[in-house]
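Q: This is the structure, below, for whatever I ask next.
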Amino acid sequence: MIALRFGDLQQHSDVLWLRGGGSVTVRFIEPRDAQVLQGYFRSLSVHSRYNRFLGAMSELPQTELDRFIHVGEGGRFSVIATVTVNGVETIVGEARYAFDTDTASFEVALSIDDRWQGRGIGSALLRNLECRAAAFGAKRLFGDTLRSNDVMIGLARKSDFAFTNSPGDWKLVRFEKHIDLVPQEIPCASWQLAAQQTVHQASA
Ligand SMILES: CC(C)(COP(=O)(O)OP(=O)(O)OC[C@H]1O[C@@H](n2cnc3c(N)ncnc32)[C@H](O)[C@@H]1OP(=O)(O)O)[C@@H](O)C(=O)NCCC(=O)NCCS
C-alpha cells in the first residue's frame with residue numbers, strides 16, 4: 001500500500017483544472033479545518049446534504065466530525081476542494097474515501113457546494129479520487145448513491161462507472177469501476193509519483 005507521510009500532508013495537495021477555466025486545490029483535511037468543514041456541511045442545501053449522507057442530517061455529529069479530521073484513521077481519508085475567494089481559502093467540495101486492503105477496494109463519497117455545482121468540479125474530483133485509488137493499489141473503486149440522485153448517477157455514467165444494486169438497501173445504487181493501472185499509467189502526476197516511490201521503497 002502507498003506510504004503517506006502524515007507529518008507532511010500538504011505535499012499530497014493537487015491542483016485540478018476545470019473545463020471552463022479556473023482551478024480548485026484538493027488537499028487532505030487537517031484538525032484546524034474542523035469548524036470550517038462543519039460550516040460547509042451546514043451551508044449545503046437540504047437536498048445536497050440528504051444526497052451526500054443518504055438521509056436527513058443538518059450537520060456532522062461531533063463523533064463523525066472527529067473522524068473526518070483525523071485523516072488515515074481506520075483506512076479512511078477526507079479531502080477538501082478549495083478556491084481562494086477574496087484572499088480566503090474557501091471549501092467548495094469535499095470527498096471521503098476508504099481503502100480496504102483485504103478486498104483492494106476503494107469506496108468514495110463526495111459533495112460540491114450548491115453554488116459551485118455544474119462547473120465540472122465533481123467530475124474533476126472523481127477523476128482525482130481514481131488516481132488516489134490507483135496509487136493505493138486498489139483494483140475496484142465504488143460508491144453508493146440514492147437511486148433518485150440523477151446528477152450523481154449521470155456523473156458516474158459519464159465517468160465510465162458500471163451500476164449494480166447496493167447490498168442490503170434497495171434505495172441505493174452502487175457505481176463501480178475496475179482499476180487496472182500500473183503506477184506509471186496513473187494520470188495524476190503527484191499520485192503517479194507517490195505510487196512509484198512506494199514500489200521503489202518496496203523493492204529496495
Ligand atoms: C453529484 C455532485 C457531486 C456532482 O458535482 P458537480 O460539480 O455538480 O458535477 P459536474 O459539474 O462535474 O457535472 C458532472 C456531470 O453530472 C451530470 N449531471 C449534471 N447535472 C445533471 C442532471 N440534472 N441530471 C443528470 N445528470 C446531470 C452530467 O453528466 C455532468 O456532466 P456534463 O456537465 O459534462 O454534462 C454534486 O451535484 C453534489 O454535490 N450533489 C450533492 C451531494 C451528492 O449527491 N453526492 C453524491 C453522493 S455519493
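The values are calculated or read from the model by the stated rules, or taken from the named source; none is laboratory data. This structure is a prediction, so every number in the text was calculated from the model and none was measured. FYI the Cβ positions are ideal-geometry reconstructions off the backbone, even for glycines, and counts take in every protein chain you see.
Q: Being part of a strand (DSSP E or B), touching a Gly at 6+ places or on another chain (Cβ under 8 Å) and either closer than 20 Å to Phe53 by Cα or away from the ligand (no atom under 16 Å from the Cβ) (or both), is that true of even one residue in the stretch 159-175? Step through it out loud before you land on a result.
A: So in the stretch 159-175, the residues part of a strand (DSSP E or B) come out as 162-165, 172-175.
Those left that are additionally touching a Gly at 6+ places or on another chain (Cβ under 8 Å): 174-175.
With either closer than 20 Å to Phe53 by Cα or away from the ligand (no atom under 16 Å from the Cβ) (or both) added as a condition, the list becomes 174-175.
Yes: the stretch 159-175 contains one or more residues that are part of a strand (DSSP E or B), touching a Gly at 6+ places or on another chain (Cβ under 8 Å) and either closer than 20 Å to Phe53 by Cα or away from the ligand (no atom under 16 Å from the Cβ) (or both).
Q: Pairs please, first residue from the stretch 106-123 and charged (D, E, K, R), second anywhere and outside any loop (DSSP other than H, G, I, E, B) and near the ligand (Cβ under 6 Å from one of its atoms), Cβ atoms under 6 Å, 6+ apart in sequence or on different chains.
A: As it stands, the answer is Asp114/Ser48, since those pairs meet every condition given.
Q: Are any residues in the stretch 112-142 in a strand (DSSP E or B) and in contact with a Ser or Thr (Cβ under 6 Å, 6 or more places away or on another chain), and if so, which ones?
A: The initial filter retains those residues of the stretch 112-142 that are in a strand (DSSP E or B), namely 112, 140-142.
If the condition is that a residue be in a strand (DSSP E or B) and in contact with a Ser or Thr (Cβ under 6 Å, 6 or more places away or on another chain), then Arg140 is the only one that fits.
Q: How many of the residues in the stretch 34-57 are over 23 Å from Val173 (Cα atoms) and surrounded by fewer than 16 Cβ atoms within 10 Å (Cβ to Cβ)?
A: 5
Q: Identify all residues within the stretch 107-158 that are more than 8 Å from the ligand (Cβ to nearest atom), crowded, with 18+ Cβ neighbours inside 10 Å and of a type in the set (S, T, N, Q); write none if there are none.
A: Residue satisfying the conditions is Asn128 alone.
Per-residue answers, yes or no, for (1) out of contact with any strand residue (DSSP E or B) (no Cβ under 7 Å at 6 or more places or on another chain); (2) at pLDDT below 95:
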site	(1), (2)
Arg19	yes, yes
Gly22	yes, yes
Val36	no, no
Pro61	yes, no
